[in-house]
Amino acid sequence: MMYSTNPYFRNVYPYAYSPNGIQPYNFTYTDYRQQPISGQATWTEGGQLTQCGIPWSDNLYMTAAVGENSPYQCGQTIQITYPATGRSILVEVVDQVPGFPDNRLNVHRRVFETLGANPQQGVIDIQMTPVSNLEQQQWGRYLLEIVQTAYSGYNVNEYSFVGKTEESPSRVRETYEYVLHSSQETITVRASVLYNPNNNRIISFDVNEV
């Protein structure tokens, strides 16, 4: 069974190695493509209460608010791309704003800065792509928690989906990249999870710096 050789990682989520262990998610898989939507993003520091009941601090503050009539729902993951810098990150919808345009997001300040935008700009042009693949949302967040634990001295400010490989009918690998920051350096970590799509059981996972 594969696992990371990172010394911080040896005791992280031991149940993931057990064939009968508790699994973190139970979900179905839907795969269809959607075209990016052009829009704009403003920023906020967030607040304690949200219309979705999800705190702004969720998903390491990679969060956003949408309009009440937006096609994006509470808890949904959206991929935001800022063409000016080429950066792309995944954010979670945690709030709804009355009268807000459908093609505008009010993102947490950390999202704004992670995209490479200056908060003094106020408004930036972005592209939004709903992450309709529920499996991608859940595995990405699962690995996010593992990376944050393995690199406890770093802040994970950005992560993106790399790809999916079907190694056999009972073995599928999902891979993600995470950008971590500390006061001394910025590193990129690639994490993958190998699982059985027939029962969603984890076979192995690994984390490596790239």
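The values are calculated or read from the model by the stated rules, or taken from the named source; none is laboratory data. Since the model is a prediction, treat every value here as computed from it, not as a measurement. FYI the Cβ positions are ideal-geometry reconstructions off the backbone, even for glycines, and counts take in every protein chain you see. In case anyone asks, the SASA skips ligands and DNA or RNA and just uses the protein heavy atoms, side chains included. Shrake-Rupley method; radii C 1.70, N 1.55, O 1.52, S 1.80 Å.
Against the numbered list (1) open to solvent by 30 Å² or more (accessible area, probe 1.4 Å); (2) assigned to a helix (DSSP H, G or I); (3) in contact with a strand residue (DSSP E or B) (Cβ under 9 Å, 6 or more places away or on another chain), residue 125 comes up short only at (2). Summed over segment 62-91, the residues that are outside any loop (DSSP other than H, G, I, E, B), open to solvent by less than 20 Å² (accessible area, probe 1.4 Å), in contact with a helix residue (DSSP H, G or I) (Cβ under 8 Å, 6 or more places away or on another chain) and at pLDDT below 90 give a count of 5. What about residue 88, is it of a type in the set (Gly, Ala, Ser) and touching an Asp or Glu at 6+ places or on another chain (Cβ under 9 Å)? So residue 88 passes the test. The single condition among (1) closer than 23 Å to residue 164 by Cα; (2) modelled with pLDDT under 50; (3) of a type outside the set (Ser, Thr, Tyr); (4) exposed (fewer than 11 other Cβ atoms within 10 Å of the Cβ) that residue 23 does not meet is (4).
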